[in-house]
Amino acid sequence: MGAVPDSVAAIAGTYAGRAYNGNTLDPVITVFSFDSEGRFSGSYRIEDEQGSFEGRLSGLFQEGDRRFSMEWTDRDGEGFLYIEFTPDYSGFDGVWTNTNGDSQLPWNGRRQ
C-alpha cells in the first residue's frame with residue numbers, strides 16, 4: 001500500500017474522550033496509528049466501574065473529507081465506529097453501533 005494520504009495520516013495520535021458504555025459515558029483513550037507499510041491499527045482503553053478493558057480498531061475507511069468508519073472489537077462484542085474530525089484534527093466526535101446498527105451511542109476524543 002505504501003504512503004498514507006495526508007488527509008488520512010492526519011488522524012494518527014492519542015485522543016482522550018468519553019464513550020457510552022453500559023449506562024454511562026466512561027473515559028476512553030483512543031489511539032490511531034499507521035505502520036511503515038501504511039497499514040492502519042487502532043486501539044482503545046475504557047475505564048469503568050469494574051476497572052479498565054481494551055479493544056481493537058480495524059478496517060479504517062475514509063467516508064468523506066474528515067469522516068471515517070472502522071470496526072471495533074472488545075470483550076463485549078464488535079461493531080462499527082463512525083467519527084468526524086475537527087478541521088484541525090485536534091479531536092473527533094462520533095457514534096458507535098453494534099453489528100446490526102441498532103443504536104448509535106456517543107464516542108469522542110481530543111488529541112493529547
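The values are calculated or read from the model by the stated rules, or taken from the named source; none is laboratory data. The structure presented is a predicted model; accordingly, all values stated were derived computationally and were not measured. Cβ coordinates were reconstructed from backbone atoms using ideal geometry, including for glycine residues, and neighbour counts include every protein chain displayed.
All but one of (1) modelled with pLDDT of 95 or more; (2) out of contact with any Asp or Glu (no Cβ under 8 Å at 6 or more places or on another chain); (3) surrounded by 12 or more Cβ atoms within 10 Å (Cβ to Cβ); (4) not polar (S, T, N, Q) hold for Asp88; which doesn't?
(3)
Just need a number here: residues in segment 15-34 that are closer than 21 Å to Phe61 by Cβ and either out of contact with any Asp or Glu (no Cβ under 9 Å at 6 or more places or on another chain) or not in a strand (DSSP E or B) (or both).
Of the residues in that region, 6 qualify.
If Glu78 meets every condition in (1) in contact (Cβ under 8 Å) with a residue 24 or more places away in the chain; (2) in a strand (DSSP E or B); (3) more than 9 Å from the chain's Cα centre (by Cα) apart from one, which number is that one?
The failed condition is (1).
For the structure I just gave you, tell me whether Gly64 is exposed (fewer than 15 other Cβ atoms within 10 Å of the Cβ), outside any strand (DSSP E or B) and either in contact (Cβ under 8 Å) with a residue 24 or more places away in the chain or aliphatic (A, V, I, L, M) (or both).
Details: exposed (fewer than 15 other Cβ atoms within 10 Å of the Cβ): yes; outside any strand (DSSP E or B): yes; either in contact (Cβ under 8 Å) with a residue 24 or more places away in the chain or aliphatic (A, V, I, L, M) (or both): no.
So Gly64 does not fit the description; no.
Going by the structure shown, is Glu37 acidic (Asp, Glu), within 22 Å of Val4 (Cβ to Cβ) and buried (at least 16 other Cβ atoms within 10 Å of the Cβ)?
Details: acidic (Asp, Glu): yes; within 22 Å of Val4 (Cβ to Cβ): yes; buried (at least 16 other Cβ atoms within 10 Å of the Cβ): no.
Here the answer is no, as Glu37 does not meet what is asked.
Any chance segment 38-58 includes a residue that's over 11 Å from the mean Cα position of the chain (by Cα) and among the aliphatic types (A, V, I, L, M)? Break it down stepwise before answering.
First, pick out the residues of segment 38-58 that are over 11 Å from the mean Cα position of the chain (by Cα): 38-40, 46-54.
This time we only want the ones that are among the aliphatic types (A, V, I, L, M), so: 46.
Yes, there is a match, as at least one residue in segment 38-58 is over 11 Å from the mean Cα position of the chain (by Cα) and among the aliphatic types (A, V, I, L, M).
I want to confirm something. Restricting to segment 81-99 and keeping residues that are of a type in the set (Phe, Trp, Tyr) and in contact (Cβ under 8 Å) with a residue 24 or more places away in the chain, which single residue is nearest to Gly55 (Cα to Cα)?
Keep residues of segment 81-99 that are of a type in the set (Phe, Trp, Tyr), which gives 82, 85, 89, 92, 96.
Narrowing further to those that are in contact (Cβ under 8 Å) with a residue 24 or more places away in the chain: 85, 89, 92, 96.
Working: Phe85: 21, Tyr89: 22, Phe92: 18, Trp96: 13 Å.
Restricting to residues being of a type in the set (Phe, Trp, Tyr) and in contact (Cβ under 8 Å) with a residue 24 or more places away in the chain, the top hit is Trp96.
Of all residues in segment 91-102, how many are within 16 Å of Arg18 (Cβ to Cβ) and among the polar types (S, T, N, Q)? Can you show your working first?
Taking segment 91-102 and keeping what is within 16 Å of Arg18 (Cβ to Cβ), we get 91-96.
Keeping just the survivors that are among the polar types (S, T, N, Q) gives none.
Count: 0.
Which residue is farthest from Thr73 (Cα to Cα), if the candidates are limited to segment 36-52 and must be among the hydroxyl-bearing types (Ser, Thr, Tyr) and at pLDDT 95 or above?
We begin by selecting, within segment 36-52, every residue among the hydroxyl-bearing types (Ser, Thr, Tyr); these are 36, 41, 43-44, 52.
Then drop every residue that is not at pLDDT 95 or above, which leaves 41, 43-44, 52.
Values: Ser41: 12, Ser43: 9, Tyr44: 10, Ser52: 15 Å.
So, considering only residues that are among the hydroxyl-bearing types (Ser, Thr, Tyr) and at pLDDT 95 or above, the one farthest from Thr73 (Cα to Cα) is Ser52.
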